[in-house]
Amino acid sequence: MEYTNLGKSGLQISRLSLGSWLTFGKQIGDDVAERLMDIAYDNGINFFDNAEVYAHGKSEEVMGAILKKKNWSRDSYIVSSKVFFGAGGQLPTQKGLSRKHIFEACEQALKRFQLDYVDLFLCHRPDKQTPIEETVWSMHQLIMQGKILYWGTSEWSAQEIMEAHMFAKQNHLIGPIVEQPEYNMFTRHKVEVEFSQIYKTVGLGTTIWSPLASGILSGKYNDAFPTDTRLGMDGLDWLKEKNLTAERISVVKKLNDLAASIDLSLPVLSLAWCLKNPNVSTVILGASKEYQLTENLKSMEAKEKLSTEIMEQIEEILGNKPIHPAH
Ligand code: NDP
């Protein structure tokens, strides 16, 4: 495993990490969740990603119970939570980025995890109804109270991230160190273009999500619709519509041939492609089965096989290189 600083912070994060969206507390049993965390930890993964909204808080409970059972030294792993969507409550005070919800969401996450602090606390989306000043102050105060160590954002625009930074700087508060954007071979603009300046200026780190576009980039949807997969789950039609398009499948088939030509599986090639981007601090893996995680871990070594020539061939197949305004 390789480790890198998360943005400009001193936090050393593993370049592969493990997430729990749709799996922990929902699609998979707690025994499978435990095996996944075991495999991850034994292979040097030190970051486990979570959020208040995942399985309405159950994902944090499951992960917390496993951490407690394992009794891994608290200084050997990083755990995150995210605030914005709430943990199921529908009242106006139970969501968003107000000081009230941020404080309560943090307290509740700590209880569910059975932890004294979380390492990373992310604003899961921007909140247009709360002044950014209130959110920055609330995060700073949580750090001062020792309940969180670092904070960041998810799916914020470069402008929103910069506003938070500038307010923090002017007021000697601690600003965000990380953004969690979607990034995979089909979704590239934010990571490759929009944030390109702020990697350099404020030193933004990224923990990227859905590196396999919810499994499409594993190639398993190429021929027929398999059973027992995420995109067949009840209530996820929107995710299926977003990811499973004929256009994408035709691209995935070509990528599959390229992967085979260099003796890699398609998921490994797709993940290694994300790792090749130096602005990606960590690729958050999702897995519903042990064999998937074991396979996906091979991407760390496989990135050496992605030569300039192979990267160019991938680019040609994808045909979606985002245009940088400066070019
Ligand atoms: P992926 O796009 O990698 O999708 C993971 C899913 O793909 C698995 O659960 C599995 O689903 C399938 N899969 C994975 N590996 C393989 C394989 N080798 N062969 C076949 N199928 C495979 O990542 P996620 O969408 O899960 O995102 C990763 C993490 O990012 C999340 O767990 C969460 O922590 C975070 N996230 C954050 C978001 C945010 O807004 N900040 C939004 C979404 C995710 P199955 O077996 O069911 O088909």
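Some notes on this structure:
- Cross-link pairs LYS26/LYS111; LYS26/LYS147; LYS169/LYS303; LYS240/LYS298; LYS8/LYS253; LYS70/LYS111 - those with Cα-Cα distance over 29 Å: LYS169/LYS303; LYS8/LYS253
- Within the shell of other residues whose beta carbon sits under 15 angstrom from the beta carbon of LYS253, the net charge comes to -1, with Lys and Arg scored +1 and Asp and Glu -1.
- Directionally averaged projected area (convex hull, Cα atoms, the stretch 123-218), nm²: 6.8
- nm² value of the averaged projected area, convex hull over the Cα atoms of the stretch 255-327: 5.8
- Rounded to the nearest 10 degrees, the angle from helix 158-170 to the longest Cα principal axis of the chain is 30 degrees.
- Within the chain, percent of DSSP bridges classed antiparallel, to nearest 5: 15
- Straight-line cross-link partners of LYS254 among the aspartates and glutamates, defined as a Cα under 14 Å from its Cα and at least 8 positions apart when in the same chain: ASP223, GLU312, GLU315, GLU316.
- The residues of the stretch 160-223 expose, per residue, 35 Å² of accessible area to a 1.4 Å probe.
- Here the spin labels are modelled as points 7 Å beyond Cα on the Cα-Cβ line, and at GLN170 and LYS253 they lie 5.5 nm apart.
- For the stretch 230-298, the solvent-accessible area works out to 45 Å² per residue, with a probe of 1.4 Å and every protein chain left in place.
- When the Cα positions of ASN50, MET162, LEU97 are compared along the charge dipole of the chain, LEU97 comes out farthest toward the positive end, with charges on each C-beta of Lys, Arg, Asp and Glu.
- Among the protein heavy atoms of the stretch 105-223, carbon and sulfur supply 52% of the accessible surface, probe 1.4 Å, non-protein parts ignored.
- Across the stretch 192-327 the C-alpha pair distances fall into 10 Å bins from zero in the proportions 11, 39, 37, 13, 1 percent.
- Positive-end residue, the chain charge dipole about Cα centroid, Cβ charges, pick of SER299, HIS172, ILE262: HIS172
- Highest to lowest packing among 220-227, 19-26, scored as the average C-beta count within 10 Å: 19-26, 220-227
- The heavy atoms of ARG99 present about 90 square angstrom of accessible area, all protein chains included, probe 1.4 Å.
- Listed residues TYR54, TYR291 arranged by accessible area, highest first, probe 1.4 Å: TYR291, TYR54
- Over all Cα atoms in the stretch 225-269, the spread is summed up by Rg and Dmax: 12.7, 37 Å.
- Loop-located GluC sites (Glu not before Pro) in the stretch 1-57 whose Cβ has at most 16 other Cβ within 10 Å (DSSP): GLU2
- The chain: proportion of alpha-carbon pairs further apart than 29 angstrom, %: 36
- Spatially proximal lysines relative to LYS305 (Cα-Cα < 16 Å; intrachain offsets below 8 disregarded): LYS276
- Note on the chain: with charges restricted to the Cβ of Lys and Arg (+1) and Asp and Glu (-1), its dipole about the Cα centre is near 440 debye.
- Ligands, DNA and RNA left out, the accessible area of the stretch 234-325 computed with a 1.4 Å probe is 51% carbon and sulfur.
- Stokes-Einstein D for the stretch 5-129, Kirkwood Rh over Cα pairs, 25 °C, 0.890 mPa s (µm²/s): 165
The values are calculated or read from the model by the stated rules, or taken from the named source; none is laboratory data. All figures in this text were calculated on a predicted structure; none of them were measured in a lab. Cβ coordinates were reconstructed from backbone atoms using ideal geometry, including for glycine residues, and neighbour counts include every protein chain displayed. Side chains included, ligands, DNA and RNA excluded: accessible areas come from the protein's heavy atoms. Shrake-Rupley method; radii C 1.70, N 1.55, O 1.52, S 1.80 Å.
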